[in-house]
Amino acid sequence: MAPRTKPESKSVIRVGPAGWSYPDWGGYVYPSRQKKGFHEATYLAEYFDTIEINTSFYNPIRPDHATQWIERVAANPRFVFTAKLWQRFTHDIIPTNAGGPGSTIATATAEDERAVRAGFDILRDAGKLSAVLLQFPFSFHRTRETVAHLTALLKRFADYPLVVEVRHASWQTPETLALLEECNAGFCNIDQPIIGRSLEPSAETTSPIGYVRLHGRRYDTWFTDDPAVPSHERYNYLYSTEELAPWAKRVAKVAERSREVFVITNNHYQGKGVVNALQLISILKGSKVKVPEPLRVQFPELEAIADTPPAEPSLFPLKRID
């Protein structure tokens, strides 16, 4: 497949976390005591130019919520959202006997589509929706049927800026990239535990939108079905700066062939993804960054990239207790 044409102007790179509403972020990302009117998205927009909306994966975005979120981030004119497509289109699908593992038939209805569009359109009309992520599970293998399902979805939502995340290595083929490029959809480059036929790290671009998602590397919990293991443990992982460095290079490579690049950190437990997002911004910009005060207390490693001294200097080095 011929390489995409390099954009004439420099790509815009936005780095931010996946979601903002996590109970365990209190006292880590957010202040333990919050002022009246505090909203998480407003707070994060002081530090990031994007957030990936996570709740849209579980239910369609309510139009009134979309309107409120636009107002919440208005103080940062550079800020835009990305959003996951409702899982009913990507996960709630019926297996078939034909085609082998991963063969599926979609169950989403026209009413489901209307519900999804109602929230997305509010964000898009305000110029605040820069990508819609179609996230598929590891069990979604490449077969004739699943290619047909993906193609149909790409056509169904073609009026949005689409990005596709697949996790099984059967999709890591030139044919997949050609399909996405033909449909003007981006390819999501991911970092995940490499177990079996997991999709490996990449720096692909198939549309003007480049996309990267970092999930962490919890090999011990990634595929666990042990009910004693809390669900958040899957994303309880902090990347070291050494682990982030190759991804910064991949992001730069993606940016060479994209108009916009989104780097989303999904290792969200106790704000670890926020830590790594700030570190990536610092690496990519080659400068220090603004750091939330609660987070720098919990993660002393942020002192190396913080652009201001701590609000309350300590006589002793801070140490996080995990």
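The values are calculated or read from the model by the stated rules, or taken from the named source; none is laboratory data. This one's a predicted model, so the numbers in the text were calculated from it and none came from an experiment. Cβ: placed from backbone, ideal geometry, glycine included. Neighbour counts: every protein chain shown. Heads up: the accessible areas ignore ligands, DNA and RNA and are worked out on the full protein's heavy atoms, side chains in. Shrake-Rupley method; radii C 1.70, N 1.55, O 1.52, S 1.80 Å.
The numbered conditions (1) farther than 30 Å from Gly286 by Cβ; (2) open to solvent by less than 10 Å² (accessible area, probe 1.4 Å); (3) of a type in the set (S, T, N, Q) are all true for Thr205 except (1). Determine which single condition Arg257 fails, assuming it passes every other condition in (1) touching a strand residue (DSSP E or B) at 6+ places or on another chain (Cβ under 8 Å); (2) modelled with pLDDT under 95. For Arg257, the exception is condition (2). Consider segment 186-202. How many of its residues are in contact with a helix residue (DSSP H, G or I) (Cβ under 9 Å, 6 or more places away or on another chain) and open to solvent by less than 10 Å² (accessible area, probe 1.4 Å)? Going through segment 186-202 one residue at a time, the tally reaches 6. In segment 213-231 there is at least one residue matching the filter, namely being in a strand (DSSP E or B) and at pLDDT 95 or above. Screening Phe262, Phe299 for residues that are more than 21 Å from Ile195 (Cβ to Cβ) and touching an Asp or Glu at 6+ places or on another chain (Cβ under 8 Å) leaves exactly one candidate, Phe262.
Considering segment 280-289, and only residues there that are more than 16 Å from Asp191 (Cα to Cα) and either open to solvent by less than 20 Å² (accessible area, probe 1.4 Å) or touching a residue at least 40 places away in the same chain (Cβ under 8 Å) (or both), the residue that is nearest to the chain's Cα centre (by Cα) turns out to be Ile281. Taking the listed residues Val291, Val254, Val261, the one that is of a type outside the set (S, T, N, Q) and assigned to a loop (DSSP other than H, G, I, E, B) is Val291, with no other qualifying. Open to solvent by 50 Å² or more (accessible area, probe 1.4 Å), farther than 28 Å from Ser207 by Cα and among the basic types (Lys, Arg): which single residue out of Arg234, Arg250, Arg257 fits that description? Of the residues listed, the single one that is open to solvent by 50 Å² or more (accessible area, probe 1.4 Å), farther than 28 Å from Ser207 by Cα and among the basic types (Lys, Arg) is Arg234. Could you tell me whether segment 165-184 includes any residue that is part of a strand (DSSP E or B) and under 30 Å from Ser282 (Cβ atoms)? Yes, that holds for at least one residue. Scanning segment 210-231 for residues that are open to solvent by less than 50 Å² (accessible area, probe 1.4 Å), charged (D, E, K, R) and over 28 Å from Phe79 (Cα atoms) yields a single hit, Arg218.
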